[in-house]
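A.B. asks: Can you read through this structure? Questions will come right after.
What follows is calculated from the coordinates using simple rules that are stated; it is not laboratory data. Note that the structure is predicted; figures quoted are calculated from it, not measured.
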């Protein structure tokens, strides 16, 4: 099992460009999450999904959109990137019981 | 005030020492308590978890939960340089989709 994988690992964007981050999990988990991690700010929840076709806002959703068209995939989109979105992005998933989340390796995004 | 408080450190100890990490929280409804280990430039890795109160031991690692004091701890015995990482506590209620995280404590074990 690969667990949770993220694509790409690194990306540099210019202000105003768009991109999509892909998260995939092979554990048949219902719930999936997108976080950002910044120095001194810890992990902050951007959006999450409790099942295929559903999404919900987290703590810092502005400037991001998400889609969960397939159970195993959760996409995070930036329509018009801003320097404030420079961060490390982590995807996570969990089953419906137990509360344990499993994280991917992260995507390091720089917006110039 | 944050829901989960964790001293960010940094904490530096010599090899072989006991590392003691802790978090305090304010929400008495939390029932699942987790510790994640995050190496530099990697994703958080689930290290230990405990349901409700009590202790759990796994090799050199011991997790403790004291719900009456709203306080959780992680102890690392016989620490090794490979234990150098950031340790994050996390917790949640039953039937809650989201985790509440501490800020993480950065630990360095000196050889």
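A.B. asks: Using a Gaussian network for chain A with springs between C-alpha atoms less than 10 Å apart, which of these wobbles most: A:66, A:50, A:12?
C.D. replies: Result: A:12 has the largest fluctuation of those listed.
A.B. asks: What do the square roots of 5 times the Cα gyration tensor eigenvalues come to for the range B:4-110, in whole Å, largest first, as semi-axes of the equivalent ellipsoid?
C.D. replies: Working from the Cα gyration tensor, I get semi-axes of 23, 14, 12 Å.
A.B. asks: Which shape class, rounded, prolate or oblate, goes with chain A when its Cα gyration tensor gives a ≥ b ≥ c as root eigenvalues, a/c under 1.5 marks rounded, and past that a/b bigger than b/c marks prolate?
C.D. replies: Since a/c reaches 1.5 and a/b is larger than b/c, the shape of chain A is classed as prolate.
A.B. asks: Moving on. Quick one: Debye curve from the alpha-carbon atoms of the protein assembly as shown only, equal weights, vacuum; give me log10 I(q)/I(0) at q = 0.07, 0.18 Å⁻¹ to two decimals.
C.D. replies: Scattering profile of the protein assembly as shown, log10 relative to I(0): -0.22, -1.33.
A.B. asks: Could you check which residue among A:35, A:64, A:89 shows the biggest mean-square fluctuation in a GNM of chain A with a 10 Å Cα cutoff?
C.D. replies: A:64
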